[in-house]
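Notes to accompany the following structure.
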Amino acid sequence: MASLKVAVVGAGVIGLSTALCITETCPNCSVTLLSDQYSPNTTSDVAAGMLIPHTYPDTPIHRQKQWFKETFSYLLAISNSAEASEAGIHLVSGWQVFKSTPKEELPFWSDTVLGFRPMSEAELQKFPQHRFGQAFTTLKCDCPPYLLWLEKRLKATGSQMYTRKVTDLWELRGEYDIVVNCTGMGAHQLVGDKQLFPVRGQVLKVHAPWVKHFIRDGDGLTYIYPGIHRVTLGGTRERGSWSLSPDPGTAQDIFDRCCSLEPSLQGAQDIKMKVGLRPSRQYVRVQREVLSQGGVKLPVVHNYGHGAGGFSVHRGTANEAAHLVGECISALQGSSSRAKL
Amino acid sequence: MRVAVIGAGVIGLSSALCIHEQFHGLVPSLQLEVYADHFTPHTTSDGAAGLWQPYLSDHGNLQETLWNKETFDYLLGHLHSPAAKEMGLFLISGYNLFTEPVPDPSWKNIVLGFRNLTPKELELFPGYSHGWFNTALMLEGRSYLPWLTNRLTQRGVKFFHKKVESFQELFAQGVDVVLNCSGIRAGALQPDPELQPGRGQIIKVLAPWVKHFVVTHDLKSGIYNSPYVIPGSEFTVLGGVYQHGNWSEENSAKDHKLIWDSCCRLLPALQKAKVVGEWSGLRPARPSVRLERESIRLGNLQAEVIHNYGHGGFGITIHRGCAMAAARLFGSILQERKQPGSPPGPRL
């Protein structure tokens, strides 16, 4: 029985991690990655890569919790290994601060991150405009290093990666047996998903190596995330905006908001603006589908729509997508053995 | 009134600044001079990583704990000032690790967010069964000392690159008060068998992914004889050597290997860190800090020395509290000499 050919479309954190998971769970498959963009030009490259989950309104919480746990656990092991710096994974501690006490004082992920606790009065003095806060330690995936490391791991399995713009999943039918759709915002066009919408995020990446903690306003709009070489300052959440051009007025506003949380940022150097479109949905689409055209079938596994929370759940959804690919394989093998009768 | 400070490490410079800040307005004739054979970046203070953290136990020395607190609070108050970056001052969090239970330290309520480590956190550090997490401060000597020097220069304080051989030498030139902040070399000015070197060696590496300090403790081998990793604003310091009585300032290959191997075992990610430097220094260790006045008779003159040395491995941690105390001692000298503008005594 010839080995099955799986095409993964998309080379952001979701595409790369899903492809890697498939090689792990389906060793008899050949996996090929197709994407029009690779690091450093993906949406993932703009993101800070902080493991602080976004809550999807329509994905069951236990599933989001499971995805986050798997992702956290996977990355924690890398951060504590010799591969950490190459993979760009490191621990970072800090504070999430609120101007008014949130309704939900214990987020669903509080027992997955490390050392989660409310901030003391003394700690809150650093944030005079905020009256409540949470302190914890979590992980950060620095991009491009993390994507490049995933690419390297994928190549080591013998998988091929090609630059190619796929305009229709059907064009892959003859060459591949199963298609995995990890196209993020691209799914809007590629599979016509009108429930997928962009939430534009502008950030600044600055040189401020004395900033060792993350600081996040609970409203999700203002944040300071220190990475290996640069600190990401954010941000914006512009629902429905497709513009990838950085706006200087927005940049100044982000800078001002971040300086009011961390005054020492006034001394930040080498400020660069970046924009990404969060591929947002009410629930992350991790789902099997069988496309059918004139009696011909094409099994598809979707894994897209992670919005603001891609890094936080990427490994968990990649595992789930790989599992769905396994189901596609069983279905194909089942029907092929029936065909032999 | 001429005041000479011997020593240009963190203790000498901060003492000079406190005295000038508090008394230059009150004593119009005040002339402050700093004498040292080493200036930044060649002082002991420059080699220190700059982490604010006292030893595990203050051995009942409450005064030192109060000076530590005064220093922490002073620095915390400057955290949001525009000077913070130039001072080399920033917040840092991290881990203290132990192989056995340890009583809470004297500084647990001075630092921010002090707590015990959770079981999941301890899993990150195999071999360690207990630990603390807290947020403290970094004050990098290679920034702080130049900042202090600039503040002093702006105030008209003069600097002299000179090895002072005796207190008498300065008094003979007309100096009225000497501040002895000579650190490890205080014994050359006045014998002090209690002052001993606590030799340390560090490796400087590039490891910008390390965002926390990690200080391990081996209660049997004593403070700082166990690996530690302290990330600065530019490079990360690896250390873990404290050799009592060893005067060598040469880097030892054996110590290098010990530090490198033990730090990489502690944080495997360090295996990929690039070594960019190495340094040895002598912590000016003493059972307690010598911070006191001494009147020296020179013929028919009474000369005053204020000693401020012996801060071991916690000089940066305690410097401001000691500098303020030294300034108070100076104030008492002024009062006794009934200098115009000195703090008023009881009216007769």
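The values are calculated or read from the model by the stated rules, or taken from the named source; none is laboratory data. Because the structure is predicted, anything quoted here is derived from the model rather than measured. Backbone-built Cβ (ideal geometry, glycine too); neighbour counts: all protein chains shown. What goes into the accessible areas is simple: the full protein's heavy atoms, side chains included, and nothing from ligands, DNA or RNA. Shrake-Rupley method; radii C 1.70, N 1.55, O 1.52, S 1.80 Å.
A compact table of results
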{"item": "Nearest-ten-degree value, helix B:141-154 long axis tilted from longest Cα axis of chain B", "result": "20"}
{"item": "Dimensionless Rg/Rh of segment B:122-164 - Kirkwood Rh, Rg from C-alpha atoms", "result": "1.38"}
{"item": "Scattering profile of chain B at q = 0.08, 0.12, 0.14 Å⁻¹ [log10 I(q)/I(0), Debye over alpha-carbon scatterers]", "result": "-0.39, -0.86, -1.13"}
{"item": "Virtual spin-label span in nm between A:Asp168 and B:Arg2, 7 Å along Cα→Cβ", "result": "9.5"}
{"item": "Dipole of chain A, positive direction: furthest Cα of A:Pro263, A:Gln37, A:Gly186, with charges on the beta-carbon", "result": "A:Gly186"}
{"item": "Principal-axis tilt of helix A:310-339 within chain A, Cα atoms, nearest 10 degrees", "result": "10"}
{"item": "Cα centre as origin, Lys/Arg/Asp/Glu Cβ charges: segment B:42-149 dipole, Debye", "result": "200"}
{"item": "A:Glu175 accessible area, 1.4 Å probe, all protein chains in place, Å² to nearest 10", "result": "80"}
{"item": "Hull shadow area, averaged, segment A:143-244 [alpha-carbon convex hull, nm²]", "result": "9.3"}
{"item": "Sequence ranges A:29-36, B:125-132, ranked by mean other-Cβ count within 10 angstrom, highest first", "result": "A:29-36, B:125-132"}
{"item": "Under 19 Å from the Cα of A:Lys194 - aspartates and glutamates, other chains or at least 8 residues apart", "result": "A:Asp58, A:Asp168, A:Glu238, A:Glu289"}
{"item": "Mean Cβ neighbour count within 10 Å, used as a protection proxy, ranking B:312-318, A:131-137 highest first", "result": "B:312-318, A:131-137"}
{"item": "B:Glu292-B:Thr99 FRET efficiency (beta carbon distance; Förster radius 30 Å; 0.05 resolution)", "result": "0.20"}
{"item": "Paired Rg and Dmax values of segment A:1-119, which use every Cα atom, in angstrom", "result": "17.6, 62"}
{"item": "Relative frequency of Cα-Cα separations exceeding 18 Å in segment A:129-178, percent", "result": "63"}
{"item": "Cα gyration tensor, segment A:190-252 - rounded (a/c under 1.5), prolate or oblate", "result": "prolate"}
{"item": "Mean projected area in nm² (Cα convex hull; one quarter of hull surface) for chain A", "result": "17.9"}
{"item": "Pairwise FRET efficiency - A:Asp58 versus A:Leu221, Cβ, R0 = 25 Å, nearest 0.05", "result": "0.65"}
{"item": "Dipole of segment B:103-227 [Lys/Arg +1, Asp/Glu -1 at C-beta], most positive-end residue of B:Phe133, B:Thr153, B:Asn116", "result": "B:Thr153"}
{"item": "Where labels lie 7 Å past Cα in the beta-carbon direction, separation of B:Asn300 and B:Glu21 in nm", "result": "4.1"}
{"item": "Sorted largest first, extent of segment A:87-216 alpha carbons per principal axis (Å)", "result": "64, 36, 30"}
{"item": "Whichever lysines have a C-alpha closer than 17 Å to that of A:Lys140, once near sequence neighbours (fewer than 8 apart) are set aside", "result": "A:Lys69, A:Lys205, A:Lys212, B:Lys211"}
{"item": "Where N is the number of residues in segment B:1-121, Cα Rg divided by 2.2 N^0.38 Å", "result": "1.33"}
{"item": "Segment A:153-168 - phi-based ³J(HN,Hα) in whole Hz, Karplus 6.51/-1.76/1.60, Gly and Pro as x", "result": "5, 5, 4, 5, 7, x, 6, 9, 10, 10, 8, 7, 8, 8, 9, 7"}
{"item": "At q = 0.17, 0.18, 0.20, 0.24 Å⁻¹, base-10 log of I(q)/I(0) for segment B:158-251 (Debye sum, equal scatterers on each alpha carbon)", "result": "-0.89, -0.92, -0.99, -1.17"}
{"item": "Mean ellipticity per residue at 222 nm, deg cm²/dmol - from DSSP H runs of n ≥ 4 across chain B, formula -39500 (n - 2.57)", "result": "-9000 deg cm²/dmol"}
{"item": "10 Å Cβ neighbours from other chains, averaged over peptide B:210-218", "result": "3"}
{"item": "Computed over segment B:86-225, Cα set: Rg, Dmax in Å", "result": "20.9, 64"}
{"item": "Nearest 10 degrees, 0 to 90: helix B:10-23 Cα axis against chain B principal axis", "result": "40"}
{"item": "Inverse of mean 1/r across different Cα pairs in segment A:247-341, Kirkwood, Å", "result": "17.6"}
{"item": "Values of log10 I(q)/I(0), in the order q = 0.09, 0.21 Å⁻¹, for segment A:168-305 under a Debye, Cα-only, solvent-free model", "result": "-0.40, -1.14"}
{"item": "Global size of the protein assembly as shown as Cα Rg and Dmax, reported in angstrom", "result": "30.4, 121"}
{"item": "Reference-scaled alpha-carbon Rg (2.2 N^0.38 Å with N residues) for segment A:157-214", "result": "1.76"}
{"item": "Kirkwood Rh and Cα Rg combined as Rg over Rh, evaluated for segment A:61-163", "result": "1.10"}
{"item": "Estimated inter-spin distance, B:Glu250 and A:Glu123, nm [label 7 Å along Cα→Cβ]", "result": "4.8"}
{"item": "Theoretical FRET efficiency, 1/(1+(r/R0)^6), r = Cβ-Cβ of B:Asp261 and B:His59, R0 25 Å, to 0.05", "result": "0.20"}
